[in-house]
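A short worksheet on the structure shown next.
The values are calculated or read from the model by the stated rules, or taken from the named source; none is laboratory data. Quick caveat, the model's predicted, so the values are computed rather than measured. Neighbour counts are summed over all protein chains in view; Cβ atoms, including those assigned to glycine, are modelled from backbone coordinates with ideal geometry.
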2 protein chains.
Amino acid sequence: MMREVSIIGIGQTPVGEHWETDLRSLGIGAIRAAMEDGGIKQVDALYIGSAYGATVSSQSQIGPLIADYAGLRGVESFTIEAGDASGGAALRTGYLAVASGAVDTAVVLGVEKSTDTVGADRIAARSVSLDADYESVHGATLPALAALLMRRYMFEYGVELSAFENFSINAHANGAKNPNAMYHNLLKPGGFARAPMIADPVTLFDGAPDADGAAAVILTSREGAGNFPVKPVHIIASAAATDTLTLHDRGDLLDFEAVRLSVDKSLAQAGISRTDLDLFELHDAFTIISTLTLESAGFAVRGEGWRAAADQEISLTATLPLSTFGGLKSRGNPVGATGVYQAVEAALQLRGEAGGNQVPDAHTAMIQNMGGLGSTVITHILKS
Amino acid sequence: MMREVSIIGIGQTPVGEHWETDLRSLGIGAIRAAMEDGGIKQVDALYIGSAYGATVSSQSQIGPLIADYAGLRGVESFTIEAGDASGGAALRTGYLAVASGAVDTAVVLGVEKSTDTVGADRIAARSVSLDADYESVHGATLPALAALLMRRYMFEYGVELSAFENFSINAHANGAKNPNAMYHNLLKPGGFARAPMIADPVTLFDGAPDADGAAAVILTSREGAGNFPVKPVHIIASAAATDTLTLHDRGDLLDFEAVRLSVDKSLAQAGISRTDLDLFELHDAFTIISTLTLESAGFAVRGEGWRAAADQEISLTATLPLSTFGGLKSRGNPVGATGVYQAVEAALQLRGEAGGNQVPDAHTAMIQNMGGLGSTVITHILKS
């Protein structure tokens, strides 16, 4: 019988371009905030999700580095990497550690400095999560590959570019109320047609910005959670799956197989159905990812994932609110930290502490972190 | 009650400079060998220890990449990084996953291409596991810092350079019989005095070579291990600890605090004492690490760790054999793969399949993987 696992402390730093702050300081800030939130003085382990330490910051082995500076010298610590899904994979690792009984209390930290590079260096740093021998060597980038998917989708289903833009409008509407979001501006209908083009048809208002940031959650066993002051949020499912790293190896470009696998596993674990979910923090790095995710996860039929946004079914008061604190698009995408931001935001919702971003009567939340274009997908379900 | 975990398949590729082979191919080779060894067709998860994917191979997110090419498309997979301790951390992650009950059968792979760089690039790649802001920025390297420790040790205890050389002589005597070892030459007494100097007093015959390689173990629950054809090797302890990343932050340079913490935890978990161990695969990247490890782990009193080697107490037939397949020094140090090679070698010993490297009556083995100079230490105890 597995131990159940709960979140008993959360912390985050504002997302943005933190030129003045280094990797360790960002990490310490989020850990301290989470320990303060949970009234916790010491933990047994620190699991870190980070994707660009070695490349952008010339710093690997950040486990002992951040443990030491956060006042946790000596604790078990190492880093988990899965491209943009690093944070979700770290959460999964912390979950496994506590569920096993080997670790009683763990901090899961997501931390990233991704903006300390410019031009070609940034593109190179970002492209290491694609296939080095068959994709990035030819100049492929994440936005370029997302554009291929989007173009194919528009062709297959006869969908116009404007059909996707409500994903971004919704994200910015929510992000504008989130003090930790990178962007607080609102987007207006018609924006995609006027926005600078990044990789046709992906525009500046479509793709999420790379960012710096750190977020942390503290985990303990559910039976032990009552000993801590904060209302616990329970992790009732944790499921990871992979697909091919490259797009060209897939039989069906418009199907995120790993999304389906991990969502199905997570729902089975939790013993709930899709209609039981009160919100879904999905990996909205591009609106085509949101669209294909809703379809592959079974929230929409094929070719109609965009309708959820177009029909305004994703706002805070809708049936399935998405990106409730702004998502990757407006909160920002601090890469290896993003999956932990999702956990922090879902916990705020389930604790009823989301302020202006609160989803009414939120009791059950799905969070999903993705590496590449559906190559690594890690899904958790949280419940208050 | 935690599930106990067993190793039911092992595989390794020869260690060396594999200019002709890429990261994915190395990884696939070891996974296939382990699955063939164990007669296993499918697993639930793939956890990968690797330190230099993003830097040396411009490839991160290798979980889905290697899973796909190894015929495991879809399974849970991500990478674990802890500098040179990445392999041990991956083994720890696989152990936690199976112990939790969330995963029934997992492959733990260590894979590294570390030699596809030359000159300053290689030094830079190697130095990212030191503190970027306080060590590597000043030109510090692992050999240079090991040299500082060794010089201090020689000064404090009045020990001559030649006192350490039997660690290397023993490693090469064992490695010469290991078909997967990088070096098969024997070292002779007096070698340290004649060897080219790397970083005074660390010589070429003292430090372990960076290398390429991959090793894999397959884990399942102990109660399920009987359903597989291979004699299982049980993981009776798994313990990780950290120390400061930098040497200059330590109160006592000649004490590996994380070695003591993880060894003490592992012995307590296993419910055994040091004298129950039949062999110890330690992280012999430098002879000063072997020396300080034996002292900090409680196998020798302070200032006398070198005596174990000098008195020939570390050979295959001695009380506590070290580096039984050549260790990092002679088998080679494929960085993020090293910790998994240690597990494969210990399993061979405990299965009685070590051939010319066999330790007589080997039933209990400790393996220890280290990141930096004692910054991350991960210890496992295996039992047949």
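Listed here are the residues, each with its yes/no results for (1) within 19 Å of B:ALA240 (Cβ to Cβ); (2) buried (at least 24 other Cβ atoms within 10 Å of the Cβ).
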position: B:GLY327; (1), (2): no, yes
position: B:SER330; (1), (2): no, yes
position: B:ALA337; (1), (2): yes, yes
position: B:GLN342; (1), (2): yes, yes
position: B:GLN349; (1), (2): no, yes
position: B:GLU353; (1), (2): no, no
position: B:VAL359; (1), (2): no, no
position: B:VAL377; (1), (2): yes, yes
position: B:HIS380; (1), (2): yes, yes
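Screening region A:90-176 for helices (runs of 4 or more DSSP H) wholly inside it with 3 or more residues that are more than 30 Å from A:GLN349 (Cα to Cα) returns the ranges A:119-127, A:142-157.
If you go through region B:82-89 one residue at a time, do you hit one that is of a type outside the set (Asp, Glu) and at positive phi? Looking for residues that are of a type outside the set (Asp, Glu) and at positive phi, one finds at least one in region B:82-89, hence yes.
The single condition from (1) under 21 Å from B:GLU304 (Cβ atoms); (2) in the same structural domain as B:LEU91 (by TED's automatic domain parsing) that B:VAL202 fails is (2).
Each residue in region B:125-179 was checked for being within 14 Å of chain A (Cβ to nearest Cβ), in contact (Cβ under 8 Å) with a residue 12 or more places away in the chain and surrounded by fewer than 17 Cβ atoms within 10 Å (Cβ to Cβ), and 1 of them qualify.
Report yes if some residue within region A:40-54 is under 22 Å from A:ALA124 (Cβ atoms), part of a helix (DSSP H, G or I) and at pLDDT below 95; otherwise report no. Within region A:40-54, one or more residues are under 22 Å from A:ALA124 (Cβ atoms), part of a helix (DSSP H, G or I) and at pLDDT below 95.
Of B:SER127, B:SER114, B:SER77, all but one fail to be among the polar types (S, T, N, Q) and out of contact with any Pro (no Cβ under 7 Å at 6 or more places or on another chain); the exception is B:SER127.
Got a number for residues in region B:1-22 being of a type in the set (Val, Ile, Thr) and either within 14 Å of chain A (Cβ to nearest Cβ) or without any contact (Cβ under 8 Å) to a residue 24 or more places away in the chain (or both)? Residues meeting the conditions: 2.
For region B:163-202, residues that are of a type outside the set (A, V, I, L, M, F, W, C) and out of contact with any Ser or Thr (no Cβ under 9 Å at 6 or more places or on another chain) total 5. Select from region B:247-266 the residues that are more than 9 Å from every other protein chain (Cβ to nearest Cβ) and hydrophobic (A, V, I, L, M, F, W, C) and list them in ascending order. Correct list: B:LEU247, B:LEU253, B:LEU254, B:PHE256, B:VAL259, B:VAL263. Each residue in region B:54-112 was checked for being more than 9 Å from chain A (Cβ to nearest Cβ), among the acidic types (Asp, Glu) and buried (at least 24 other Cβ atoms within 10 Å of the Cβ), and 1 pass. Here A:ARG122 fulfils each of the conditions (1) surrounded by 24 or more Cβ atoms within 10 Å (Cβ to Cβ); (2) modelled with pLDDT under 95 apart from (1). The residues listed here are B:ASP121, B:ASP68; of these, the one that is closer than 20 Å to B:HIS18 by Cα and without any contact (Cβ under 8 Å) to a residue 40 or more places away in the chain is B:ASP121.
Residue count for region B:8-55 under the criterion of being among the β-branched types (Val, Ile, Thr) and over 27 Å from B:ASP210 (Cα atoms): the result is 3.
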